[in-house]
Amino acid sequence: MRAHTILKTLGLAALGLSFKVATGAEAAAIEEIEVVGTTPGAGLGLALKKIPFAVQSTRAADLESAQSLDLSDYMNQRLGTVNINSAQNNPLQADVQFRGFTASPLLGLPQGIAVYQNGVRINEPLGDAVNWDLLPESAVAGMDLISGANPLYGLNTLGGALAITMKNGFNFSGQQAEVYGGSFDRVVTSLESGGNNGRWGYYLNLNYFDEQGWRAVSDSDSLNLYGSLNWRNEEISTFNLNVQKGDSKLRGNGAVPVGLLAIQRDAIFTAPDITDNDMSMLALDGSHFVTPGLQLAGSAFWRENKTDSFNGDASEFELCEFSGGNAALFEEADAVEDQLDELLGIDLDEICTGADAGIDDFSSLEAFIGQQALQAGLEPEDFALEDVVGELSGSGVLSDEAINNISHRRQRSRGFDGKLTSLDDLFAHGNRLTIGFSYFRGTAAFDSVLELSRLDPVTRSTAGLGTGAFVDTAATSVDTRTETLGFYFTDTIDLTERLFLTVGGRYNDSDIRLRDRSGERPELDGDHHFSRFNPSVGLSYSLASGPNIYASWSESNRMPTPIELACNEGVFELAQQFALERGEDPEDIDFECRLPNAFLADPPLDDVVTRSVELGVRGDAAGINYQLGLFRASNRDDIIFQTTGRATGLFANVDRTRRQGLEASLRGSSGPLQWYASYSYIEATFQDDFAVLSPNHPNADASGSIAVQRGDRLPGIPQNLLKLGADYRFGKNFSIGVEALHNSAQVLRGDESNDLDRLDGFTLFNLRASYSYRDTLTIFARASNIFDKKYENFGLLGENPDEVLPDLADTRPLFLGAGAPRAAWLGLRVRF
């Protein structure tokens with residue numbers, strides 16, 4: 001773990017009651033204890049029985065009992081209709097999917113879930129990504145997974161919103177230390193302290209994660225510091241300040257060719273793949289009852305995240321890709337060719353046209369140059385290719401061994417939210433009316449280069465093997481700015497003592513600006529404007545016998561992110577137009593986009609609009625809590641990423657997609673036994689016919705496209721999810737728990753046409769145990785994948801791996817994300 005500059009950032013942040021505050025007058029009118037926020041930011045919650053959509057709530061005790069690593073791990077274990085995949089194969093970089101919509105740390109992956117921390121939207125501005133490594137689980141007081149296209153949670157709430165409330169001095173009191181370690185050399189430590197004197201409160205949390213990983217070259221670490229200062233004036237006013245600092249260095253070396261995986265499951269294909277985050281966040285929030293029936297609440301925040309990435313990959317260039325006419329792209333090409341021809345008699349044009357047989361890669365060319373040097377009576381080392389590769393890169397001698405994608409991005413966001421809530425009756429009916437506004441501004445400075453590199457034949461790593469030669473046409477330097485102004489309202493009316501009507505809506509007005517800083521690529525410049533009003537309406541009815549029935553219809557939209565606008569399928573025409581204006585040959589323009597390390601031109605994409613309908617019933621019967629629901633989310637102009645190669649591709653609008661299904665959950669207890677069960681059926685399909693790029697697909701046509709038909713399933717989304725778990729307590733202090741998780745088969749990314757075999761489903765079993773002594777000392781243990789199931793939860797089509805692994809028997813262009821093997825950890829928790 002490198003040195004961390006924790007103390008360089010201090011400041012304020014929002015904590016407190018956030019979504020869970022209720023006044024004394026409110027408590028008298030609400031029969032249920034559990035309340036859920038219906039808008040982001042500070043303010044009042046609403047009784048669950050009045051909410052017309054599904055909600056899954058989790059509290060700190062649940063997180064502690066589950067012994068999960070982070071929030072993504074917990075949601076995968078416990079929450080219905082949630083699954084994760086191992087695209088990066090790092091435990092802190094999971095793609096989380098809810099109802100087929102995604103919240104992921106991977107830049108460029110289309111996102112569909114809004115994530116809030118104490119009312120602050122933490123989706124990063126460049127690509128709406130969510131960094132789970134910057135969300136310390138030990139500092140979380142609770143979270144609500146709110147289903148549906150809820151417009152009140154702002155942009156990107158297509159499948160749902162995750163509202164996270166952090167601990168403060170009024171919901172955590174005392175001191176606690178926890179440490180555990182075990183498999184993969186994993187060590188996790190957290191220290192926390194909090195308390196209050198009735199008016200002032202404080203909370204501090206330090207969380208540290210370090211492991212070597214279960215795969216080669218996969219060591220990672222993460223450090224998070226979170227602090228809060230709180231003030232309460234009885235039940236009239238609240239004020240919260242918060243500061244957070246996160247610093248992580250994660251290695252996630254991605255999917256592995258299926259043939260290599262069959263030989264060695266902990267192997268990697270190419271390395272390294274490093275993501276280095278350095279995040280600071282300051283925020284404050286407060287609320288005040290102007291009158292007993294009128295509350296004013298507001299929040300403001302500032303956040304900065306600086307990310308460095310280094311990705312070593314197999315080269316996508318051919319030996320002679322830039323020979324001949326294209327060699328003029330590099331100023332020094334002619335001079336180098338003349339030198340080799342004069343001293344050694346080497347004609348690069350003849351090599352590239354096949355006159356010199358057997359010279360088809362970097363190493364064979366180097367050997368040929370050395371042989372020619374000896375024959376000319378010169379020293380071969382004087383012509384070592386690494387000494388002149390910077391010049392040779394432009395004259396037909398590009399390395400076909402490896403490349404390094406190196407990028408830096410600095411993302412800053414700030415904003416505020418204000419709302420007024422009235423609790424006064426309307427026409428003698430109970431009524432809760434909230435009106436509010438919000439402002440968000442996000443900027444990003446993005447710089448990237450592509451370096452030619454050697455590849456270690458044993459480790460397949462490029463670390464320390466960069467040549468210092470860069471491909472100029474792959475470099476990017478761009479600034480982006482996103483601004484959104486929102487106005488919203490929601491009104492819940494008690495039509496009767498059991499029937500509740502909720503209506504709401506939000507108007508968003510957004511501007512996105514992109515500017516090239518290099519002065520060389522005007523096609524990157526663009527200005528885009530999106531505006532829309534999204535309505536919602538719902539009913540909730542509580543039967544006399546107990547069940548609560550709910551139904552809702554809502555709309556939400558997601559504007560294209562800056563990275564999607566700068567990298568989409570309209571790029572070819574615009575890039576060719578600028579090439580003509582520069583006097584260049586339009587046929588030489590590459591219209592691919594390398595993610596996350598390059599942008600191209602930015603003709604506009606349409607914003608995604610989701611219309612969501614759901615119907616359900618929930619309640620308690622004989623001590624069993626139950627929820628059963630049906631949902632349908634229809635996307636218009638959905639945005640998908642279509643690949644044009646190993647790490648390149650383009651974003652495109654798809655006319656319509658649909659995610660619909662059923663979700664059911666049961667939870668109960670009987671004496672010393674506590675248990676839960678959930679089942680989800682998700683039918684995620686394309687709803688129109690179109691052609692999509694997938695050149696590595698065996699059925700691709702001459703243009704590299706495959707035909708998608710209406711009804712084809714969306715890749716990466718299991719149709720069936722089943723989760724079972726139970727805890728049994730022996731006496732007061734000792735308990736044992738077991739959980740089972742089943743994911744059904746899923747379609748491979750790149751097989752949108754559904755022509756190929758699907759990725760197999762899998763079932764996993766986990767165990768846990770804990771022993772407590774006098775409520776101050778707890779020893780706990782966890783074992784995951786106890787039957788050592790060999791499974792994969794991610795798959796995609798990539799380029800044939802035979803250039804990197806020529807001796808591999810199975811060289812299908814199929815790459816899989818392997819799940820972790822059996823593992824176990826032992827820990828200790830002390831509270832005082």
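Net charge dipole, segment 729-832: roughly 1440 debye, given to the nearest 20, about the Cα centre with Cβ charges of +1 for Lys and Arg and -1 for Asp and Glu.
With protein chains left intact and a 1.4 Å probe, residues in segment 57-180 average 16 Å² of accessible area per residue.
Packing here is the average count of other Cβ atoms within 10 Å per residue, and on that basis the peptides 708-717, 104-113, highest first, run 104-113, 708-717. Among R782, R441, the order of accessible area from largest down is R441, R782, computed with a 1.4 Å probe on protein heavy atoms. Averaging the sequence gap over all C-alpha pairs within less than 8 Å and six or more residues apart, then dividing by the number of residues, gives segment 704-783 a relative contact order of 29 percent. Spin-label pair H742-R199: with each label point 7 Å from Cα along the Cα-Cβ axis, the two points sit 5.9 nm from one another. The stretch between N625 and E520, if pulled fully straight at 0.36 nm per residue, gains 31.6 nm over its current Cα-Cα span. For segment 444-534, taking the reciprocal of the average inverse distance between every pair of different Cα atoms yields a Kirkwood hydrodynamic radius of 18.2 Å.
Ligands, DNA and RNA aside, Y728 has an accessible area near 100 Å² when probed at 1.4 Å. For K245, the lysines whose Cα comes closer than 22 Å to its Cα, not counting residues fewer than 8 places off in the same chain, are K8, K167, K306.
Which one of A177, N207, M166 is farthest out on the positive end of the charge dipole of segment 166-225, using unit charges on Cβ (Lys, Arg +1; Asp, Glu -1) and the Cα centre as origin? Ranked along the dipole, the leading option is M166.
Can you give the direction-averaged projected area of the convex hull of the alpha-carbon atoms in segment 76-219, in nm²? So the mean shadow area of the Cα hull is 10.0 nm². Can you work out the FRET efficiency for the pair Q709 and D802, with r the C-beta to C-beta distance and R0 = 30 Å, to the nearest 0.05? E(calc), rounded to 0.05, equals 0.45.
Summarise the accessible area of segment 223-314 (1.4 Å probe, protein heavy atoms) by the percent that is carbon and sulfur.
Its accessible area is 63 percent carbon and sulfur atoms.
Dipole magnitude for segment 471-511: about 160 debye, using +1 per Lys or Arg Cβ and -1 per Asp or Glu Cβ, origin at the Cα centre. For segment 675-735, the spread of Cα positions along the three principal axes, ordered from largest to smallest, is 69, 23, 12 Å. Computed with a 1.4 Å probe on the full set of protein chains, the accessible area for I786 sits at about 40 Å². Cα-based values for segment 698-824, radius of gyration first and Dmax second, are 21.1, 71 Å. Computed with a 1.4 Å probe on the full set of protein chains, the accessible area for K789 sits at about 90 Å². Cβ-Cβ distance of E304 and R831, R₀ of 35 Å, FRET efficiency by 1/(1 + (r/R0)^6): the value works out to about 0.55. When only the Cβ of Lys, Arg, Asp and Glu is charged (+1, +1, -1, -1), the dipole of segment 160-311 relative to its Cα centre reaches about 260 debye. Which values of log₁₀ I(q)/I(0), to two decimal places, follow from the Debye formula for segment 184-278 at q = 0.24 Å⁻¹ with a uniform point scatterer at every Cα? The Debye formula, applied to the Cα set alone, gives -1.14.
Per-residue packing, averaged as other Cβ atoms within 10 Å, sorts the ranges 429-437, 192-200 into the order 429-437, 192-200, beginning with the highest. Ordering G538, S554, C567 by the projection of their Cα atoms onto the charge dipole of segment 503-570, which places +1 on the Cβ of Lys and Arg and -1 on the Cβ of Asp and Glu, puts G538 at the extreme positive end.
The values are calculated or read from the model by the stated rules, or taken from the named source; none is laboratory data. Just so it is clear, the model here is predicted, and its values are computed rather than measured. Ideal geometry is used to build each Cβ from the backbone, glycine not excepted, and the neighbour counts take in all protein chains shown. Quick note on the areas: whole protein, heavy atoms, side chains included, nothing else; ligands and nucleic acids left out. Shrake-Rupley method; radii C 1.70, N 1.55, O 1.52, S 1.80 Å.
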